[in-house]
Every structure is written in structure tokens, then in C-alpha cells.
Amino acid sequence: MSSGKHMICDIKDIKNHQLLNDPKQITRLLDYICQTYDYTILQKSAYEFAPQGFTTIYLLSESHISIHTFPEKNYAAIDIYTCRQYPDNQVYLEIYNYLIQQFHADPTQQPTIIDRNFT
């Protein structure tokens, strides 16, 4: 039996440098994803690093979303895991394509999507 899907994103060659180093914009982006896909936010936590970059984690009733930005490398690591029982990867691919568009990153990149199982 499945415990959900887990999407791991290594988004490289990001052209939207403003988004990459703006926790408030990332919060709006993650809030939009949660609202669009009906994920319930239980708690948010963020930390800004000096001189740049940050980590934001959303604890969801469905599991979690995390993002770690590396502006100096034009890179973001994003992790989304939910216990929702999706029949395929379509929802995750929609979210990934939205992220690629918002970051102005290369659309040929692909995420890793793992089916998590209890057994």
C-alpha cells in the first residue's frame, strides 16, 4: 500500500534571481501551491542565511514542503511529499512545471518522483 508520493527537485540555472533570494515571494509561491492543491498548512518555518539564501519548510497535514535556495549557484532544492493517493504523477508534474516557470529555469529539467510504500 502506498504512503504517497515524494517529489525531489534540483532546479538549476535559475534566471529569476529576485525570487531565488526573496523569502516573502517564496512564501507566496508555496501558499499558492497549497491553496491550489488543497494542502493544509499546519506550520511554516523559515531561516535566512547571510549574506544570501534561505530555507523554508511547510509542515502540512499531508506531510511537508521544503525549499533551500542557493542564489550564488542559481539553484534551489525543493522537496514535496504528500500522503495523497494520486493515480499518477500528473499533479506533481503540474507543480514542478509551475516552479520551473516561476524560477525561469530550463524546462527540460525533470524532477525525481518516488512512490512511497509501507511494505
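Would you confirm whether or not region 87-108 contains a residue that is at pLDDT below 95, among the hydrophobic types (A, V, I, L, M, F, W, C) and at negative phi?
No, region 87-108 contains no residue that is at pLDDT below 95, among the hydrophobic types (A, V, I, L, M, F, W, C) and at negative phi.
For the subset of region 1-46 comprising residues that are among the charged types (D, E, K, R) and closer than 17 Å to Glu62 by Cβ, which member is modelled with the lowest pLDDT?
Lys5
Report, by residue number, each residue of region 100-118 that is over 16 Å from His6 (Cα atoms) and polar (S, T, N, Q). Show your work before the answer.
Going residue by residue through region 100-118, those that are over 16 Å from His6 (Cα atoms) are 100-109.
Within region 100-118, Gln101, Gln102, Thr108, Gln109 qualify.
The values are calculated or read from the model by the stated rules, or taken from the named source; none is laboratory data. What you see is a predicted model, and the numbers here were worked out from it, not measured in a lab. No Cβ is skipped: glycine too gets one built from the backbone with ideal geometry, and neighbour counts run over all protein chains shown.
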